[in-house]
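The block underneath contains the structure these notes are about, expressed in structure tokens.
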Amino acid sequence: MQEIVTALANGSIYALMALAIGIIYSTTQIINFAHGSVIMIGAMTSYWLLSIFHMNYFTAILLAVLINIILSMVIYKVSVEKLGDLTQNSSWIVTLFGAGIILDNTARILFGTEPKAYPFLFDGHVISIFGTKIMIHEMMMILVAVIIGVLYQIVIQKTNFGRAVRAVSFRPDTARIMGIRSNRIVLMCFAISGAVAAISGALIAPITFASYTMTYSVGIKAFAAALIGGLGNTKGAFIGGISLGLIEGIASMIVPGGLKDAISFLIMIIVIIVLPGGILSAKLFTKGELKTEKI
Amino acid sequence: MLQVENVTIGYGKTEVVHNISFHVKKGEIITILGANGAGKSTILNTIVGLHQAKEGSIRFQDKEISKARPDQLVQNGMRLVPEGRQIFPQHTVMENILLGAYIEKNAKKIHSRLHSIFERFPRLEERKNQMGGTLSGGEQQMLAIARALMTEPSLLILDEPSLGLAPIIVGEVFALLKQISSSGVTVLLVEQMANSALKISDRAYVLETGRIVLEGRGEEIRNNADIAKAYLGNV
Ligand SMILES: Nc1ncnc2c1ncn2[C@@H]1O[C@H](COP(=O)(O)OP(=O)(O)OP(=O)(O)O)[C@@H](O)[C@H]1O
Ligand SMILES: [Mg+2]
């Protein structure tokens, strides 16, 4: 039972990370390869603010979110917008990877190479529910992920901004002749993605330790979850994240610890081979789906 | 209202529109006729700012706009109804119309325009909660036009509005354009269906592989069978 909660909690954070990748992918069709680094920066800056400036948790995360928003907007401006039409070239692969490496190296210099113990929310307090001991932090991980996921869907489905995001995702040029500045919308998506990355980084750091290596140890799971759920599918991101969390949880019970990630990624590869569009692309879920318009 | 002067447009190194000039006066309905690949869409997309001309000047309401962004042009009263309608199939009809009013922040204005749009297109009101992709071709064209009218443009530009529609629906679309025009909107139209378009046009230009080869009053061009055959193939 405890293991399931832990798996769900980790899975919720993977889901948030996948959501952040999906937000950018859906409007630009590009994969933000710097995303792992952005998650790591969220964790490291909030760690710094917590432990060196002795801020409270809330303020520290809020500031980390702001820093990540600015960072992500800079990444967009420098590594993506300058490239022009993204359907015409693939330079973004290099520029985004480059941006990630710059962030990783900077973090290594600023924060050192030593992994830091990141404090749990509520001092790691444990409560007992039906005889199972559950850390409040883990419940918060799930709760925060659910709140962000629901909020995001409401914004996307019900607001002017959300309508524009969907329009840009579907037909960027048509969106532009509606008067929508597609670049602005994409910039906003990078900002949102950065904010979500900061929160997910800060919430997972107590479990993984805060270190500049989070880019790979944690970041890679963001991509795995995004791919399992279907790239750019922001609902699928949750399915992908939770599945990954559960796969990991089960794997760690039956194989030696060192193999856990290998098993998770093996399963990711299988899912991608069998269902290239992610789990939600399975026939079961696509009944009555709308195809394109009539010409 | 719109002056296009010595404009040359291309994609990469290939030039597809060569040094063309034409103009649209306030209140007119102007048609540009041309066969497939003549460069009609290229010209319209350049006017509305989706594409940049290599050379030449485009002026709208006496301002140079060849470097303007699409959103700035929408703000200034220019609207394009693109080729193939390009409605958003997974947005509802209502959402499609609201997207048309994206730059309008005044809720009252949006509301009253919505009201007049639904008066003009009762079919769209009946189907406002349906997905755009479920509409028939004719309804989609109406939606594309309705969406463009949400900012009350002074110049409405349409790229082959008759494309893929049954003759009777084409008739409806052109009647609608005539009606929109008489409500004070200037109309620039691009078509292959010469006959119906010329009937409602004040003037027309004939485009052949990126060059304007003929210009005249709508009636003149329509009645001149030789010209029509020579430049338009089948009419
Ligand atoms: N994005 C593009 N990249 C390269 N070439 C293009 C592009 N769009 C159009 N062209 C070329 O430019 C020429 C003119 O195309 P355009 O779409 O303007 O013609 P059109 O008159 O609108 O034709 P149709 O009646 O088929 O819509 C064609 O030869 C076409 O191949
Ligand atoms: Mg065309």
Checklist entry - When the residues of the stretch B:54-76 are filtered to those that are buried (at least 17 other Cβ atoms within 10 Å of the Cβ) and in a helix (DSSP H, G or I), which remaining residue is nearest to ligand 1 (Cβ to nearest atom)? => result B:Pro70
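Looking only at residues in the stretch A:150-205 that are among the aromatic types (Phe, Trp, Tyr) and within 14 Å of another protein chain (Cβ to nearest Cβ), which one is farthest from B:Thr151 (Cα to Cα)?
As a first pass, look at the stretch A:150-205 and keep what is among the aromatic types (Phe, Trp, Tyr): A:152, A:161, A:170, A:190.
Okay, now just the ones that are also within 14 Å of another protein chain (Cβ to nearest Cβ), so A:161, A:170.
Numbers: A:Phe161: 18, A:Phe170: 22 Å.
Per the criteria, the residue is A:Phe170.
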Next on the checklist: I need a count of the residues in the stretch B:157-190 that are of a type in the set (A, V, I, L, M) and either within 12 Å of chain A (Cβ to nearest Cβ) or within 16 Å of ligand 2 (Cβ to nearest atom) (or both).
Outcome noted: 7
Checklist entry - Does A:Leu231 satisfy the condition of being at pLDDT below 80 and not in a helix (DSSP H, G or I)? => result no
Checklist outcome for this item: Counting only residues that are under 14 Å from A:Val196 (Cβ atoms) and either out of contact with any helix residue (DSSP H, G or I) (no Cβ under 7 Å at 6 or more places or on another chain) or outside any helix (DSSP H, G or I) (or both), the stretch A:37-65 contains a total of 1
Checklist entry - Under the condition of being within 16 Å of ligand 2 (Cβ to nearest atom) and polar (S, T, N, Q), which residue from the stretch B:15-39 is modelled with the highest pLDDT? => result B:Thr31
Next on the checklist: Of everything in the stretch B:1-53, what is within 15 Å of the chain's Cα centre (by Cα), within 14 Å of chain A (Cβ to nearest Cβ) and away from ligand 1 (no atom under 11 Å from the Cβ)? Give them in sequence order.
Outcome noted: B:Ile47, B:Val48, B:Gly49
Item to check | Whichever residue in the stretch B:77-96 is among the hydrophobic types (A, V, I, L, M, F, W, C) and not in a loop (DSSP other than H, G, I, E, B) and, among such residues, is surrounded by the fewest Cβ atoms within 10 Å (Cβ to Cβ) | outcome: B:Met94
Checklist outcome for this item: Flagged pairs (Cβ under 6 angstrom, 6 or more apart or on separate chains; first in the stretch B:71-85, within 7 Å of chain A (Cβ to nearest Cβ); second surrounded by fewer than 18 Cβ atoms within 10 Å (Cβ to Cβ)) are B:Val74/B:Ile103; B:Gln75/B:Ile103; B:Gly84/A:Ile295
Checklist entry - Which of the following residues is at pLDDT 95 or above and either closer than 28 Å to B:Gly34 by Cβ or under 17 Å from the mean Cα position of the chain (by Cα) (or both): B:Ala166, B:Ala148? => result B:Ala148
Checklist entry - Counting only residues that are touching a helix residue (DSSP H, G or I) at 6+ places or on another chain (Cβ under 9 Å) and among the basic types (Lys, Arg), which one in the stretch B:156-214 is nearest to B:Met1 (Cα to Cα)? => result B:Arg203
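The values are calculated or read from the model by the stated rules, or taken from the named source; none is laboratory data. The model shown is predicted, which means the values in this text are computed figures rather than measured ones. Every residue, glycine as well, gets a Cβ built from its backbone with ideal geometry; the counts of neighbours run over all protein chains shown.
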